[in-house]
There are 2 protein chains.
Amino acid sequence: MTKGILVLSEEEIRSCVSINETAYDAVEKGFSYLAQGQVTLPPILRIDVENNNGEVDVKTAYIHGLDSFAIKIAAGFLDNHLLGLPTGSGMMVLVSTITGKPTSILLDNGYLTDVRTGIAGAISAKYFAPEKIEMVGVIGSGAQARYQVRGLRLIRKFSRLMVYGIVPEEVDRYADDISKEFGIEVIKAIDAESVVRQCNIVITTTPSKRPYLRPDWLHEGLHITCMGSDSEEKQEVHEGVFAKVDRIACDKKSQAFRLGELHHAIEAGIISEEAKIIELGDAILNHKLGRQSKKEITICDLTGVGVQDTQIARIAYITAAEQGLGVELG
Amino acid sequence: MTKGILVLSEEEIRSCVSINETAYDAVEKGFSYLAQGQVTLPPILRIDVENNNGEVDVKTAYIHGLDSFAIKIAAGFLDNHLLGLPTGSGMMVLVSTITGKPTSILLDNGYLTDVRTGIAGAISAKYFAPEKIEMVGVIGSGAQARYQVRGLRLIRKFSRLMVYGIVPEEVDRYADDISKEFGIEVIKAIDAESVVRQCNIVITTTPSKRPYLRPDWLHEGLHITCMGSDSEEKQEVHEGVFAKVDRIACDKKSQAFRLGELHHAIEAGIISEEAKIIELGDAILNHKLGRQSKKEITICDLTGVGVQDTQIARIAYITAAEQGLGVELG
């Protein structure tokens, strides 16, 4: 659409993309293309910066037939709070599949990742969560604890939410924000166990390196979406949980087996790589792979896949170009 | 140095970086850090766009202790000439190793890659080419046929150059350009064989997928730098050449064994991965690994390493920031 490189600011991107049906449909389509073998998805390129407690990941996915794909640079530096900065940051580059030239640079500071991750949670819930949600459970009180709820809101109704987090002031702020944003009752739990035992959908959103969600807390009809674990050393869910659930899903097996909760469950010998594990794209294409009864216990492990980035970045670029936003360079 | 993201244009970058001693020293240091184990160098991330005859590579290298590293997006689309565009394009992002945030975006359209590749050729020549160059041989007449000569000029004197290429008009233009730029005699060869037989340093710079440089053309005192082959299917040099040389070098074994000329020689069983193959960084640290006599036949296989990109991008950014160039965004 543009001849140079369209550089978009976070503010411009926020005005073009949010958690809504358009974004949901695009990300869901991305997963279905992946399941149909229409995507080139190289392994994640990762650089650890150990002395600063940081890591930088590069993710990409080329969806065959589209005229551009995203290359995303995403960083997580855990000591950034000491500098008054958020842990995460990031940007994306859209590359033309016609010429190889960069089409757009999206200086979103991780916003698009927040959106597409919230939507992956929504897809997980659409196919695996029970139809009727009595109370939503959220563990963690950071950015994704918010985006996951925004995503879920697209596809399920709920009027109560229970949250547990380890920083009381953050949890207070979260409860205030969420009750205002959605007009729902928010209950602050005294521990993670209460959340799991009392809710029929639980979303884990922490960067924990020690599993805390225990198998003896599970109950009939529960669905768990785990989105916190996206690198080898992170883990929120005890491996034993995977022995007690009826249905296991993930965004992409090749990634979840290396990075996600499934990685630990496989390493512990609880499940094998050959076990029946449903990728989101498979469930999208064949709904019978989703939840089949009210009683099932289900779990979905999200690690974040490049198709989500490509689809969401394309919405940002196309919308911004139509509206004449951005600065054209190069 | 800047708080936002400093976006630099190709023109600004060209005004800050060229093939000179500063750039040479930085790239040479990059290779020595690599040899000393002070670099995190993930495998290249590659996306093929087969239906448009293109590929996109992402390269990176974190040199421990530096406050930033480069992530480079480089594309080669062989049908671009049909659109009146150059085959190659690219850009780099400098990422802070303190916070993980992007520090600078370098919209160099591949210029920095041209420079750092020319310098890698110069390093290869410094340690492996004979001291006295009677005539430089160049195969190919594109951008690297020029940058390689510029690099070589930094470290060897020469007054004659012989070139062979398959597009006569390009070769004519090349001969004119080079004789003007360096004030030297340029001879157009009738074939690649003449170049190899008559020169004591030969640089292969083509994107050929069929090897053309034959072992029976080799002669005492010859050094060959192969820079064209940077992906599995590319090959300029017959595998048999590797059986006839006295000394084999490369930029980085792990890459050359997958992508370079060495990849084909190993696959053909001519040499093994355990053979004595000298990485540039090893020769920089220990000159005794370089050429040891006038008579030796030597070869160096270049695939392009992320340390080169990080070092050259840092020069561009630091110089531009000092001079107040660029647009600050984000």
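Nothing in this text is a laboratory measurement; each read-out follows from the coordinates by a stated rule. Because the structure is a prediction, the values reported are computed rather than measured. FYI the Cβ positions are ideal-geometry reconstructions off the backbone, even for glycines, and counts take in every protein chain you see.
Descriptive notes on the structure:
- Taking B:Asp67, B:Asp48, B:Asp301 as the candidate residues, the one with maximal mean-square fluctuation in a Gaussian network model of chain B, Cα springs under 10 Å, is B:Asp48.
- Length-normalised contact order for chain A - Cα pairs under 8 Å, 6+ apart - percent: 22
- Residue order, fewest to most surrounding Cβ atoms within 10 angstrom, among B:Ser231, B:Ser194: B:Ser194, B:Ser231
- Fluctuation leader among B:Ile123, B:Ile178, B:Ile98 - chain B, Gaussian network, Cα springs under 10 angstrom: B:Ile98
- Here the Karplus relation 6.51 cos²θ - 1.76 cosθ + 1.60, evaluated at θ = phi - 60°, turns the backbone of region A:85-96 into coupling constants of 10, x, 4, x, 8, x, 7, 10, 10, 8, 10, 5 Hz, with x for every Gly and Pro.
- Tensor-based shape of chain B (alpha-carbon gyration tensor, a/c under 1.5 rounded, otherwise prolate or oblate): prolate
- Among residues of chain B, the one whose Cβ lies closest to the rotation axis carrying chain B onto chain A, together with that distance rounded to whole Å, is B:Leu45, 2.
- Only Cα pairs under 8 Å and 6+ residues apart enter the sum, and on that basis the relative contact order of region A:219-330 stands at 38 percent.
- Region B:76-187: C-alpha gyration tensor shape, a/c 1.5 cut-off, then a/b vs b/c: oblate
- Distance from region B:104-122 to region B:41-68 (C-alpha centre basis), Å: 14
- Mean residue ellipticity, 222 nm, helices only, chain A: the sum of -39500 (n - 2.57) across DSSP H runs of n ≥ 4, divided by residue count and rounded to 500, is -10500 deg cm²/dmol.
- Neighbour-count ranking [beta-carbon atoms within 10 angstrom, fewest first] of A:Tyr317, A:Tyr147, A:Tyr111: A:Tyr111, A:Tyr147, A:Tyr317
- Taken along the Cα-to-beta-carbon direction at a fixed 7 Å, the label points for B:Gln198 and B:Val327 span 5.0 nm.
- Karplus-based coupling profile of region A:146-156, in residue order and whole Hz: 8, 5, 5, 5, 4, x, 4, 4, 5, 10, 9, with θ = phi - 60° in 6.51 cos²θ - 1.76 cosθ + 1.60 and x standing for Gly or Pro.
- Shape of region B:224-270, Cα gyration tensor, a/c cut at 1.5: rounded
- Residue by residue, region B:76-81 carries 3J(HN,Hα) couplings of x, 10, 5, 8, 4, 4 Hz when phi is fed to the Karplus relation 6.51 cos²θ - 1.76 cosθ + 1.60 (θ = phi - 60°); x denotes Gly or Pro.
- By the beta-carbon count within 10 Å of each Cβ, the least crowded to most crowded order of A:Lys126, A:Lys252, fewest first, is A:Lys126, A:Lys252.
- Mean separation of Cα contacts under 8 Å, 6 or more apart, over the residue count of region A:119-304: relative contact order %: 23
- Residues whose amide H lies under 5 Å from that of B:Asp108, counting only those 5 or more places away or on a different chain, are B:Met92; hydrogens are built 1.01 Å from N in the peptide plane.
- Region B:231-301-region A:7-23 distance, computed between alpha-carbon centres (Å): 49
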